[in-house]
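Chemist: Dropping the structure in here first, questions after.
The values are calculated or read from the model by the stated rules, or taken from the named source; none is laboratory data. These figures come from a predicted structure and were not determined experimentally. Quick reminder, even Gly has a Cβ in these numbers, built from the backbone with ideal geometry, and neighbours come from all protein chains shown.
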């Protein structure tokens, strides 16, 4: 049976797991781990993808990759082929180094990003490695400033915790110590995700949805502010409340990404994620805006 084409779109987030052939230790020494990371960095610079976390164990590696224009298949093909060639030369051997098909789990960035970062960084703990969370070959040491490796795109992740770098790192460390709140097996693999996407498309056709443009116009009307004002970055409370209400309503009723909302409202993507994350504890004024919209809907 022919393999299904991997799902690709700009901004897709994948949890990649690559293993040594027959569970062989292909990253056993420090030189091998360092070489694999050097190759990843080389292809990251070439293809412009983001890597939010990684952990290189002895016989497998975890990578959390967000792709842009270049599909994951091309990225991983380059990384795996170059490492295989160099590994075989160093060991004076031929043949497969990795399992022929790496695992790539397509993930929802808004819902699972932080949980997967934590899952990957906690891998050495689960493997009973002496250094635990501070394992040298994990991006966790980049997040807490114990290495100058600078491979992980940690700014976005830390920005989800706080605008202050010092406070963000503190909250991140606290988060790393919390017991896992999701089972990674609950995140569907890409082939199941393909069926899920098709089902969601059909469900969305049945939904009574509103366009983001119309929603923004309605929120502005309810709050008596202009569209220019809601898109202006300032700390006037009624503008802040209106923006937050718009973000929450747009995620509930519109087919729109955090990136698109952030661009329209002149906010950062981490700010949008934070608003959504805190939506269960809203000030009364924002609740009133939301209930007013839903009452008119």
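Chemist: Let me spell it out: the conditions are (1) free of Cβ contacts under 8 Å to residues at least 60 places away in the same chain; (2) part of a helix (DSSP H, G or I), and residue 76 meets all of them except one. Which number is the exception?
Modeler: Checking residue 76 against (1) free of Cβ contacts under 8 Å to residues at least 60 places away in the same chain; (2) part of a helix (DSSP H, G or I), the one that fails is (1).
Chemist: Anything in the range 252-264 that is in contact with a helix residue (DSSP H, G or I) (Cβ under 6 Å, 6 or more places away or on another chain) and either outside the structural domain of residue 217 (by TED's automatic domain parsing) or part of a helix (DSSP H, G or I) (or both)? List them, or say none.
Modeler: Listed by number, the residues that qualify are 258, 259, 261, 262.
Chemist: Is at least one residue of the range 164-185 closer than 19 Å to residue 106 by Cβ, modelled with pLDDT under 90 and part of a helix (DSSP H, G or I)?
Modeler: yes
Chemist: Now, a different point. Under the condition of being touching a residue at least 40 places away in the same chain (Cβ under 8 Å) and over 23 Å from residue 33 (Cβ atoms), which residue from the range 103-113 is surrounded by the fewest Cβ atoms within 10 Å (Cβ to Cβ)?
Modeler: 108
Chemist: Right, here's the next one. Hey, could you check the range 28-79 for residues that are under 19 Å from residue 134 (Cβ atoms) and over 18 Å from the mean Cα position of the chain (by Cα) and say which is surrounded by the most Cβ atoms within 10 Å (Cβ to Cβ)?
Modeler: 56
Chemist: Regarding residue 237, is this residue more than 23 Å from the chain's Cα centre (by Cα) and at pLDDT 85 or above?
Modeler: Judged against the criteria, residue 237 is a match.
Chemist: Okay, next question. Among the numbered criteria (1) modelled with pLDDT of 90 or more; (2) in a helix (DSSP H, G or I); (3) surrounded by fewer than 20 Cβ atoms within 10 Å (Cβ to Cβ), which single criterion is violated by residue 116?
Modeler: It is condition (3) that residue 116 fails.
Chemist: Return the residues of the range 265-284 that are surrounded by 19 or more Cβ atoms within 10 Å (Cβ to Cβ) and either in the same structural domain as residue 114 (by TED's automatic domain parsing) or more than 21 Å from residue 12 (Cα to Cα) (or both); say none if nothing qualifies.
Modeler: 265, 275
Chemist: Would a scan of the range 279-286 turn up a residue that is touching a helix residue (DSSP H, G or I) at 6+ places or on another chain (Cβ under 6 Å), over 21 Å from residue 156 (Cα atoms) and in a loop (DSSP other than H, G, I, E, B)?
Modeler: The answer is no, given that none of the residues of the range 279-286 is touching a helix residue (DSSP H, G or I) at 6+ places or on another chain (Cβ under 6 Å), over 21 Å from residue 156 (Cα atoms) and in a loop (DSSP other than H, G, I, E, B).
Chemist: Taking the range 119-141 only, how many residues are touching a helix residue (DSSP H, G or I) at 6+ places or on another chain (Cβ under 8 Å), surrounded by fewer than 21 Cβ atoms within 10 Å (Cβ to Cβ) and in a helix (DSSP H, G or I)?
Modeler: 5
This table checks each residue for (1) farther than 20 Å from residue 269 by Cβ; (2) within 18 Å of the chain's Cα centre (by Cα); (3) in the same structural domain as residue 24 (by TED's automatic domain parsing).
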{"site": "110", "(1), (2), (3)": "no, yes, yes"}
{"site": "119", "(1), (2), (3)": "yes, yes, yes"}
{"site": "128", "(1), (2), (3)": "yes, no, yes"}
{"site": "147", "(1), (2), (3)": "yes, no, yes"}
{"site": "150", "(1), (2), (3)": "yes, yes, yes"}
{"site": "168", "(1), (2), (3)": "no, yes, yes"}
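Chemist: Okay, moving on. Look at the range 89-102 and say how many of its residues are loosely packed, with under 15 Cβ neighbours inside 10 Å and not in a loop (DSSP other than H, G, I, E, B).
Modeler: The total comes to 3.
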